[in-house]
Structures are given as C-alpha cells and as structure tokens.
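In what follows, a single structure is set out as structure tokens and then discussed.
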Amino acid sequence: MIIQPKIQGVVARSCHPFGCQAAIFEQISKSLSQQSSSGTLPKRVLVLGASSGFGLASRIALAFGPAKAATIGVSFERGVSEKGIGSAGWYNNIFFHDAAEKAGLISTNIVGDAFSAETHEQVAKSIEQDLGGQVDLVVYSLATGIRPNPETGEFWRSAIRPVGETVEGYSVNFEKNSLDKVSLPPATKQEIDETVKVMGGEDWLSWMQFLSERNLLSKGCETVAYSYIGPEYTHAIYHKGTLGFAKTHLHNTRDDINTLLKNIEGTANIAVCKALVTKASVFIPGLTPYLLALYRVMKAKGLHEGCIEQMNRLFYGKWQDAADRDAEGLIRIDDWELRDDIQLQANALLAEMTPDNFTKIGDYEGVLGEFLQLNGFEFNSVDYTQEVDIEKLKALRP
Ligand code: NAD
Ligand code: NA
C-alpha cells in the first residue's frame with residue numbers, strides 16, 4: 001500500500017509510519033547534541049501524554065539528552081485496524097521505544113486511557129518492574145477533549161469558547177487551504193465547568209495522589225504540567241476563554257501538589273510553552289492566523305522553536321535555574337514568543353491578513369508543513385512512492 005496524506009479540515013486521517021520514525025530520529029538528534037547542564041537531572045521519568053507534541057518531546061529530551069533517563073510513556077493511540085493505518089502517536093511510541101532500546105535506555109509504553117483505574121495499575125506495576133520502584137519526575141502532558149467522570153462514568157466534554165462575549169475570527173482549513181471565518185458564541189456556565197474538568201488540574205492532582213499513596217515517588221520528586229498564556233491577540237479565545245479557566249485551575253493545582261509532596265521534598269512546576277502546531281493546537285478556532293504570523297516572524301529572527309527545542313531549553317536550561325521563574329513562580333519558555341519586537345511584527349502582519357493573502361502574509365507553507373510532519377509526511381529521507389507492507393506494520397508492537 002502507498003500511504004498518502006488524508007486531511008479532513010484540521011484532522012489527519014492517515015499517517016506515514018516511516019515518516020513518524022524520521023520525526024523521532026530528527027528529534028533524537030537534536031537532544032543528543034544538547035549540552036550537559038550542572039544541576040541534578042531526573043533519571044526515572046513518567047510521561048503522561050507521551051506519544052506526541054510536548055509530551056513526546058519531553059520524553060525524547062530526557063531520554064536522549066544528558067539526563068539519559070529511563071522512561072515510561074502513557075498515551076491513547078491505535079494501530080492498524082479496519083479503520084486504517086492507525087495514529088501517528090502509535091508509531092511514535094514504537095519507534096521511540098526501538099531507538100531507546102538500541103541506545104541501551106529503559107523505555108516502556110503503556111497504551112490506554114490515562115483516566116482509567118486499569119492504566120493507573122499498569123503504571124504502578126511498570127514503575128516497580130522497570131524503574132526499580134520510584135520515579136524522579138512526572139511530566140503531565142495530556143491534551144484531550146473528553147474525560148470520564150470517575151463517579152458516574154459519563155463524560156465531561158471541553159468546549160473551546162470565549163467567555164462573556166462572542167468572538168469573530170478565522171481558522172485555517174488544511175484540507176481546502178483556506179482561512180475560514182468563525183464566529184464563536186460565549187460559553188455557557190456548564191461549558192466552562194466541563195472544560196475545567198477536562199483540561200484543568202484535577203486529573204494531574206489525582207495522578208500525583210495515586211503515585212504518592214503507592215510510594216512510587218522518590219525523595220525530591222518533581223512534576224511539571226504545560227500551560228499557555230499567549231499575547232493579547234489570542235486572549236479572547238484562549239487566556240480569557242474556557243481554556244484559560246482550565247489553565248488557571250491547573251496553575252492553582254500546583255499549590256495542592258506542593259502540599260501533597262511536602263513530606264518527600266517534592267515540587268510541582270508549570271512550564272508555560274510557546275504556541276506551536278500540534279494535533280491539539282490546530283483544533284483551537286481563531287488561533288491559526290496568529291500561528292501563521294508568529295511562525296513568519298520568529299523564523300525571520302532565527303528564534304523559531306519546535307516542541308523538541310522548547311523541551312531541550314526547558315530541561316537543560318530554565319529548569320536548572322530555580323531563580324528563573326516569573327512573579328507567580330511559572331517557568332516561561334514562551335519568553336521569546338512574547339518579546340515586544342516579535343509581538344509588534346506579528347500584530348502588524350495580523351492587521352493585514354485576509355482569507356485572500358494569508359498564504360503570503362503568514363508562514364502557511366511552514367505551518368502546513370509542520371502539520372504534515374506531525375503525521376509523518378514531508379520528510380526528505382522518506383521515499384513516499386514505496387509500498388508499505390501492512391502485515392509487517394501489524395506485527396509492530398509499542
Ligand atoms: P498532543 O495532542 O500533541 O498530545 C496529547 C497527548 O495526550 C498524546 O500523547 C495523547 O495520546 C495523550 N492523550 C490524550 N488523551 C489521553 C487519554 N485519555 N489517555 C492517555 N493519553 C491521552 O498535545 P500537546 O499540544 O502536546 O499538548 C500537551 C500539553 O501542552 C497540553 O496541556 C497543552 O495545553 C499544552 N500546551 C500546548 C501548546 C501548543 O501550542 N500546542 C502550547 C502551550 C501548552
Ligand atoms: Na503531549
């Protein structure tokens with residue numbers, strides 16, 4: 001079978017396994033060349049949301065960078081089925097593990113619903129068996145639209161909406177190569193509450209409680225969750241919208257986790273990341289014009305970073321310098337994005353951008369290219385005219 005990109009709106013319906021492998025190799029090489037830093041580095045790491053985006057980049061940075069960490073990665077992905085080839089994250093897990101094993105690194109993939117009791121038990125068992133009983137760092141990088149209510153089994157569903165006002169904006173459509181007008185009505189109270197349930201800090205805290213109760217956290221254990229704040233332009237749809245409510249809840253959860261970890265001298269951290277093309281972010285209506293402008297400006301200044309550059313800078317830079325925090329104690333790897341010169345130029349581009357000129361004003365080629373690469377397409381090292389043997393793919397296990 002020859003695998004080609006299949007895009008529906010902003011969702012990829014196919015992925016190229018060997019392109020996913022190329023993406024893993026590319027990220028690994030960027031972490032291998034990372035300089036060693038002076039502080040203590042985590043040796044045993046649990047990554048929740050490990051198969052793509054920031055979670056995958058965290059795992060690669062910590063395993064293949066100077067930390068040389070043993071990792072357990074939890075994700076929700078699927079392989080070959082009658083529905084298709086499976087998800088990019090499925091192959092990312094497989095090829096990460098393969099590369100880690102060849103490098104002599106311990107790595108375990110757990111594919112399952114991070115909200116389920118079963119997955120919690122599998123993680124506990126794996127920490128005992130594969131990591132000698134404890135972890136030094138828990139990376140919380142889940143991004144999802146639904147979370148089951150543990151009491152009722154019914155689902156909470158997030159809604160990406162402004163709060164208190166209607167927002168008019170544009171969203172990109174990668175299938176039609178168009179910028180489409182979107183009008184987003186304000187969220188209802190229930191939509192705000194459910195988004196906080198899904199993307200706030202409750203599940204992060206409950207994971208830390210579970211691990212703490214089972215004595216699976218080492219002395220001085222740390223945890224980090226990822227956040228976004230962004231500039232004025234995105235505030236109506238993000239920071240002041242439902243997602244912002246969820247992120248504020250996530251930030252406040254840090255205090256609860258710090259209290260929980262006090263007796264083991266552990267710490268909870270929030271790293272505020274930059275806006276990037278991921279499976280999750282292209283879904284945020286109204287955000288893409290900003291991504292198009294931001295990519296153009298940051299690339300022109302030589303400051304563009306992908307997930308792996310961000311995570312290398314986090315774990316081998318900002319992380320080590322406890323004084324390098326903002327007034328609220330947040331780690332800011334969105335510092336370059338929010339520089340005045342970057343924002344001034346991005347705003348100037350946004351003021352000019354229309355559905356007719358967005359491919360020229362913004363970095364459409366770059367943003368689309370990254371989106372395709374997330375799904376294993378557009379790598380020079382892969383021959384996309386080659387047949388892929390589905391039976392062989394089926395035999396690959398994460
Ligand atoms: P992503 O979609 O690339 O990754 C999400 C991960 O969560 C995947 O590994 C997926 O398998 C896993 N996952 C989802 N539901 C799951 C479930 N039920 N059980 C187990 N695993 C599950 O997303 P991302 O963009 O890397 O987002 C990660 C975090 O980074 C989020 O908190 C997000 O808000 C934050 N962040 C993203 C951006 C951005 O621009 N992309 C910027 C700042 C912060
Ligand atoms: Na992730």
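The values are calculated or read from the model by the stated rules, or taken from the named source; none is laboratory data. Predicted model only: the values in this text are computed from it and were never measured. Here the Cβ is made from the backbone with ideal geometry for all residues, glycine too, and neighbour counts use every protein chain on show. Areas reflect the complete protein model, heavy atoms only, side chains present, ligands, DNA and RNA absent. Shrake-Rupley method; radii C 1.70, N 1.55, O 1.52, S 1.80 Å.
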Cβ-Cβ below 6 Å, separation at least six or inter-chain, first residue in the range 151-178 and closer than 17 Å to residue 282 by Cβ, second of a type in the set (Phe, Trp, Tyr) and not in a loop (DSSP other than H, G, I, E, B): which pairs? 174/371
Which numbered condition residue 393 misses (of (1) more than 21 Å from the chain's Cα centre (by Cα); (2) farther than 17 Å from residue 15 by Cβ; (3) assigned to a helix (DSSP H, G or I)): (2)
Can you report the number of residues in the range 259-317 which are surrounded by fewer than 23 Cβ atoms within 10 Å (Cβ to Cβ) and of a type in the set (Ser, Thr, Tyr)? 5
Please work out which residue is least open to solvent (accessible area, probe 1.4 Å), limiting yourself to the range 126-157 and to residues that are within 13 Å of ligand 1 (Cβ to nearest atom) and closer than 21 Å to residue 107 by Cβ. 139
Residues that are within 15 Å of ligand 2 (Cβ to nearest atom): find the helices (runs of 4 or more DSSP H) completely inside the range 31-138 holding 3 or more of those. 53-64, 88-102
Among the residues that make up the range 333-346, is at least one of them touching a residue at least 60 places away in the same chain (Cβ under 8 Å), in contact with an Asp or Glu (Cβ under 6 Å, 6 or more places away or on another chain) and open to solvent by 20 Å² or more (accessible area, probe 1.4 Å)? no
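Condition check ((1) surrounded by fewer than 24 Cβ atoms within 10 Å (Cβ to Cβ); (2) under 21 Å from residue 218 (Cβ atoms); (3) over 17 Å from the mean Cα position of the chain (by Cα)) across all residues:
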residue: 1; (1), (2), (3): yes, no, yes
residue: 23; (1), (2), (3): no, no, no
residue: 39; (1), (2), (3): yes, yes, yes
residue: 64; (1), (2), (3): no, no, yes
residue: 77; (1), (2), (3): yes, no, no
Cβ-Cβ below 9 Å, separation at least six or inter-chain, first residue in the range 221-232 and of a type in the set (A, V, I, L, M), second more than 10 Å from ligand 1 (Cβ to nearest atom) and modelled with pLDDT under 95: which pairs? 224/319
Residue check, residue 248 closer than 20 Å to residue 168 by Cα, assigned to a helix (DSSP H, G or I) and hydroxyl-bearing (Ser, Thr, Tyr): no
Pick from the range 347-387, criterion closer than 18 Å to residue 175 by Cα and of a type in the set (Asp, Glu), ranking: least open to solvent (accessible area, probe 1.4 Å): 363
Residue satisfying condition, being open to solvent by less than 40 Å² (accessible area, probe 1.4 Å), on the phi < 0 side of the Ramachandran plot and either modelled with pLDDT of 95 or more or in contact with a strand residue (DSSP E or B) (Cβ under 6 Å, 6 or more places away or on another chain) (or both), within set 106, 110: 110
